[in-house]
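Below you'll find the structure, written out as structure tokens, and then a few comments.
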Amino acid sequence: MDIHSTVQLHTGRKMPILGLGTWKLTDSTADVIVRALELGYPMIDTSGDYGTQPGIGEGLQRSGRPRESYYLVTKVEETDDAYEATKKDLADLQLDYADLMLIHRPPDSGAGEDLWRGLIKARDEGLTKDIGVSNYSEEQIQALIDATGETPVVNQIEWSPFGWSKAMLEFCGAENIVIQAYSPMTRSERLSHEALVGLADKYKKSPAQLLIRWSLRKGVVPLPKANQAEHLQENIAVFDFELSAEDMGTLDALNEEYSALGPKPVYLQQ
Ligand SMILES: NC(=O)c1ccc[n+]([C@@H]2O[C@H](COP(=O)([O-])OP(=O)(O)OC[C@H]3O[C@@H](n4cnc5c(N)ncnc54)[C@H](OP(=O)(O)O)[C@@H]3O)[C@@H](O)[C@H]2O)c1
């Protein structure tokens, strides 16, 4: 496994195994994107509501990279018209298509079947290669499948040893849905946790690198965000070690249903 490795989507296409998060990129977004592409990041995650799409578009243009050399994930909001929002996202990004469009979160009522139909239309018209969801419970995903016959390729959810769900992992495995891990560094809140730091010392790696490797070992695609050049570099230097089964167990056992976003999220409620 290396930075060029991919995971198979149920549509037959492939997705990189690691991407750059861009929520709250406070440095020049375009500069960070250019640097990340130079370092070898194969995927960028953004959303219509992050405010980073214009800067990402600028960085992608400035990099001079061919479109097929990077994978772009973005999202429509639960209050949007999904089809129209997809077109707006693409205009902000200066792109003809996204690789993956997600519903950012389920709406207050229902599972967002109309949003899902809007993304299906966008996909059928070539505005995005694949479509998926974010912050969805198993029941909500099932409702979209029941309504349309279309299974999301991805559920992007908060995911770290401190907050993860065996039931969601099993459900997504059975449905061939890939989990993308957001806030994989717990937004820095648990990087000093004693057990994590102890294990990191053992592998001569940083706590952040262990968190990324833990996700990869579970077949989950992490999206660490970093402004700082040394963080950007560190977070992809994760392919020269492997966590033992015993140490995976130790990390698994740190689960406290933690969420950096606040109350226990719907996808952890079993
Ligand atoms: N779908 C959703 O609802 C949703 C929700 C939240 C996030 N996301 C996506 O997931 C991405 C990641 O999540 P996140 O931004 O919430 O949090 P995160 O990636 O868990 O944490 C980001 C924080 O970790 C720091 N950091 C990064 N690498 C580090 C390292 N090697 N050592 C020490 N600290 C390090 C960053 O610092 P610096 O920036 O200073 O380098 C930043 O403060 C987002 O950017 C976004 O793309 C999606």
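Answer yes or no as to whether TYR258 is aromatic (Phe, Trp, Tyr), buried (at least 16 other Cβ atoms within 10 Å of the Cβ) and under 19 Å from HIS193 (Cβ atoms). Judged against the criteria, TYR258 is a match. All conditions in (1) farther than 23 Å from PRO265 by Cβ; (2) of a type in the set (Ser, Thr, Tyr); (3) open to solvent by less than 10 Å² (accessible area, probe 1.4 Å); (4) touching a Ser or Thr at 6+ places or on another chain (Cβ under 6 Å) hold for THR86, with the sole exception of (4). Candidates in the range 178-192 are the residues that are in a loop (DSSP other than H, G, I, E, B) and out of contact with any Leu (no Cβ under 9 Å at 6 or more places or on another chain); of these, the one that is farthest from THR22 (Cα to Cα) is SER192. Residues in the range 187-232 that are open to solvent by 60 Å² or more (accessible area, probe 1.4 Å), under 26 Å from VAL7 (Cβ atoms) and more than 13 Å from the ligand (Cβ to nearest atom): ARG217 alone.
In the range 35-55, the condition of being within 9 Å of the ligand (Cβ to nearest atom), farther than 17 Å from PRO222 by Cα and in contact (Cβ under 8 Å) with a residue 12 or more places away in the chain is met by at least one residue.
So which of ILE120, ILE141 ends up being within 27 Å of GLY262 (Cβ to Cβ) and either at pLDDT 95 or above or not in a loop (DSSP other than H, G, I, E, B) (or both)?
Numbers: ILE120 fails: within 27 Å of GLY262 (Cβ to Cβ).
Of ILE120, ILE141, the one residue that is within 27 Å of GLY262 (Cβ to Cβ) and either at pLDDT 95 or above or not in a loop (DSSP other than H, G, I, E, B) (or both) is ILE141.
Can you go through GLY126, GLY149 and tell me which one is open to solvent by 10 Å² or more (accessible area, probe 1.4 Å), touching a Phe, Trp or Tyr at 6+ places or on another chain (Cβ under 7 Å) and either at pLDDT below 95 or away from the ligand (no atom under 13 Å from the Cβ) (or both)? Lay out the reasoning, then the answer.
Numbers: GLY149 fails: touching a Phe, Trp or Tyr at 6+ places or on another chain (Cβ under 7 Å).
Being open to solvent by 10 Å² or more (accessible area, probe 1.4 Å), touching a Phe, Trp or Tyr at 6+ places or on another chain (Cβ under 7 Å) and either at pLDDT below 95 or away from the ligand (no atom under 13 Å from the Cβ) (or both) holds for just one of GLY126, GLY149, which is GLY126.
The set of residues from the range 1-31 being assigned to a helix (DSSP H, G or I) and open to solvent by 10 Å² or more (accessible area, probe 1.4 Å) comprises THR29, ASP31.
The requirement of being out of contact with any helix residue (DSSP H, G or I) (no Cβ under 8 Å at 6 or more places or on another chain) and open to solvent by 10 Å² or more (accessible area, probe 1.4 Å) is not satisfied by GLU113.
The values are calculated or read from the model by the stated rules, or taken from the named source; none is laboratory data. Only a predicted model underlies this, so the values are computations on that prediction, with no experimental measurement involved. Every residue, glycine as well, gets a Cβ built from its backbone with ideal geometry; the counts of neighbours run over all protein chains shown. Accessible surface areas use protein heavy atoms only, side chains included; no ligands, DNA or RNA. Shrake-Rupley method; radii C 1.70, N 1.55, O 1.52, S 1.80 Å.
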